[in-house]
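Here the structure comes first, spelled out in C-alpha cells, and everything after it is commentary.
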C-alpha cells in the first residue's frame, strides 16, 4: 500500500501521515517556519530520509515525529501511524489552558485580554 522510496518531500509526507489536513497547509507551515527537520527550518521541497526527526507546530500543539517510513500519498490512518514514531510532549492539563470569563461580563479590557493571552497556549 505505502509507497516506500528512498526519499520523500517533507510537505507531502506531513500530509500523508495526517499531521496537516491538506498538502497546502503543510506547505504553508513549512514556509512559515513551523516545521523543522533535525533542528533546522525547512522548505516544503526538502527531502526526508528515514531516521530524521521532524518538529511540526500545529493548532493542536507541537508534534515531534521520528520518520520510520516514507510515503508520498495519503493512506489510511492505521497505515499512516506506522510511518513515524511519535515523541510529542503531552499536552498541558485542561485546567491550565482555559481562560474563563464570567458570562455577560462584557468586552474584556486591555488588562483582561493580556491576562487571557498569557494563559492561552502558544502555537
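The values are calculated or read from the model by the stated rules, or taken from the named source; none is laboratory data. Note that this is a predicted model, so its numbers are computed, not measured. Please note: Cβ atoms are built from the backbone with ideal geometry, for glycine as well, and neighbour counts cover all protein chains shown.
Brief remarks on what is shown
- Condition check for residue 16: under 25 Å from residue 120 (Cβ atoms), touching a strand residue (DSSP E or B) at 6+ places or on another chain (Cβ under 9 Å) and surrounded by 15 or more Cβ atoms within 10 Å (Cβ to Cβ): no
- Looking across the range 32-49, the residues that are surrounded by 14 or more Cβ atoms within 10 Å (Cβ to Cβ) and over 23 Å from residue 89 (Cβ atoms) come down to 44, 46, 47.
- Condition check for residue 65 on (1) touching a helix residue (DSSP H, G or I) at 6+ places or on another chain (Cβ under 8 Å); (2) surrounded by 18 or more Cβ atoms within 10 Å (Cβ to Cβ); (3) outside any loop (DSSP other than H, G, I, E, B): one failure, at (1).
Each row is one residue, and each column tells you yes or no for (1) closer than 26 Å to residue 120 by Cα; (2) assigned to a loop (DSSP other than H, G, I, E, B); (3) without any contact (Cβ under 8 Å) to a residue 12 or more places away in the chain.
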site	(1), (2), (3)
30	yes, no, no
44	no, yes, no
74	no, yes, no
78	no, no, yes
82	no, no, no
88	yes, yes, no
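- Unique residue being on the phi < 0 side of the Ramachandran plot, surrounded by 13 or more Cβ atoms within 10 Å (Cβ to Cβ) and at pLDDT below 85 when the list is 105, 72, 99, 80: 99
- Among the candidates 94, 59, 89, the residue that is at pLDDT below 95, loosely packed, with under 11 Cβ neighbours inside 10 Å, closer than 30 Å to residue 114 by Cβ and touching a strand residue (DSSP E or B) at 6+ places or on another chain (Cβ under 8 Å) is uniquely 89.
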